[in-house]
Structures are given as C-alpha cells and as structure tokens.
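For reference, the structure is listed below as structure tokens.
The values are calculated or read from the model by the stated rules, or taken from the named source; none is laboratory data. As the structure is a prediction and not an experimental result, all values here were calculated from the model. Every residue, glycine among them, receives a Cβ derived from its backbone with ideal geometry; neighbour counts consider all protein chains shown. The protein model used for the area step is the full one, side chains on, heavy atoms only, and it has no ligands, DNA or RNA in it. Shrake-Rupley method; radii C 1.70, N 1.55, O 1.52, S 1.80 Å.
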Amino acid sequence: MAHMALTVGFDLDMTLIDSRPGIRACYQALSERTGTYIDADLAVTRLGPPLPEELVNWFPAEEIPAMADLYRAMYPAIAITATPAMTGAREAIAAVREAGGRAIVVTAKYEPNAKLHLAHLRIEPDAVIGDLWAEQKAEALREHDAGVYVGDHVGDVRGARTAGALSVAVATGPCPEEELRAAGADVVLTDLTEFPRWLSDYRPARA
C-alpha cells in the first residue's frame, strides 16, 4: 500500500463529535455574559468555519478578537462534557489502526479545546492539529502525508482536494449529500458507521 494511503485525517465538529449541544450552551453563556443577543440555535446549524466567522454576525468587527478569546476561555467548563461522540467515531479511528494506518484530526477548532474533547471522549488519534479551515487544512494533511481526509463540510472537501488527498465526506453536518458531491467529494457516506467497510474495500484497491 502506498504510504500516503496509510494516514487518514478526520475533521472534528460534526464528523467525530456532535458539538451542537456544547456550542449552543457556550453561545448562550456568551450572550448572557455580554448582554448581546446571539441566536444559538441558528449558529449551530452552520458549524464548520472558524469561530470569528460566526461571531461577526453578532458583534462589531472591532470586538471579534476579544469575544473569540472570551468564548474560548469559557468553552472548557461549558462545552466539553455536553458534547458526545458521533455514532461510529471510535470505530472509524479503530478501523484505520487495524489497517496499519495512522489517524489524525485536522480541525478549525481552537486546538487546546479540540484536544479536551478528544481526551474527554477517550478518542486517541495520533495527532491533533487545530486552527485550520478549508484549504488551510491541506498544510497539515501534506505534513502528515495523509492520503484520505474525512469531513462533513464543503470546506473539508476543499481542504482534501488542495492536499491531493481523497475526499471522504459524511453527511452528518450542515452540508447535504448533493452539496458535498457538487463540491468534489470523491466518496459520500451517510455517517461514520459506513467508514470501516468503505476502508476495507478501499485498501485492496490501493495496494
């Protein structure tokens, strides 16, 4: 098997974890703390892009850096225990290991908070790289020689394609299957429960 096929990258929010409950609670707390209205239910329907891209809908541009810092500081106490793993997440990581590969997480989430989520859920990838969105994810995917990147957002598809990795999309986030295919996903799965079987079929094809 080619070396690049041995490392599989995974997105975090709405791919490995259902971050909606925790993020909703954190936005509600930020709203209470600052006295600024935030529609937390709306915000969690468009997860994927970096935090400042959501905060700009609720705060003046000059306040975004401070609000992002405040949100990230509040996040561990509010969001970590409220956030479950997505169905099939642990099994997907295990399938990569059983195939003799490495599993890494490449996410737009603030890296320390991403690591807290994974530690709490006892999901143990070989590396966690945060603060990268869309095409920026290609930096980490190339650095780790990832041949496959699994994500739920069209930004994840763009990151995989920029890195020259196979884009495997799961329709568990804000982007429906048709949108993921239109963005150029090579494979679209309903959710991660389908990933181990897909991987077992993919490996012989790349051997």
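Does any residue of region 7-25 turn out to be among the β-branched types (Val, Ile, Thr), at pLDDT 95 or above and surrounded by fewer than 14 Cβ atoms within 10 Å (Cβ to Cβ)? No. Of all residues in region 35-48, count the ones that are open to solvent by 30 Å² or more (accessible area, probe 1.4 Å) and either under 15 Å from Arg20 (Cβ atoms) or part of a helix (DSSP H, G or I) (or both). Count: 5. Looking at Asp13, is it in contact with a Leu (Cβ under 6 Å, 6 or more places away or on another chain) and within 28 Å of Ser167 (Cβ to Cβ)? Considered against the rule, which asks whether it is in contact with a Leu (Cβ under 6 Å, 6 or more places away or on another chain) and within 28 Å of Ser167 (Cβ to Cβ), Asp13 comes out as yes.
Taking His120 as the residue in question, decide whether it is within 30 Å of Asp41 (Cβ to Cβ) and either of a type in the set (Ser, Thr, Tyr) or over 13 Å from the mean Cα position of the chain (by Cα) (or both). So His120 fits the description; yes.
Filtering region 132-183 to residues that are assigned to a helix (DSSP H, G or I), open to solvent by less than 40 Å² (accessible area, probe 1.4 Å), farther than 15 Å from Thr7 by Cβ and of a type outside the set (Gly, Ala, Ser) leaves Val154, Asp156, Val157, Leu180. Tell me, yes or no, whether region 82-101 has at least one residue that is farther than 24 Å from Asp191 by Cα and either open to solvent by 50 Å² or more (accessible area, probe 1.4 Å) or of a type in the set (S, T, N, Q) (or both). There is no residue in region 82-101 that is farther than 24 Å from Asp191 by Cα and either open to solvent by 50 Å² or more (accessible area, probe 1.4 Å) or of a type in the set (S, T, N, Q) (or both). Condition check: more than 25 Å from Glu194 (Cβ to Cβ) and hydrophobic (A, V, I, L, M, F, W, C). Does Ala77 satisfy that? In short, yes.
Restricting region 57-75 to residues that are open to solvent by 50 Å² or more (accessible area, probe 1.4 Å) and under 21 Å from the mean Cα position of the chain (by Cα) leaves a set whose member that is farthest from Asp131 (Cα to Cα) is Ala73. How many residues does region 116-130 hold that are out of contact with any Ser or Thr (no Cβ under 7 Å at 6 or more places or on another chain) and surrounded by 16 or more Cβ atoms within 10 Å (Cβ to Cβ)? Total meeting the criteria: 7.
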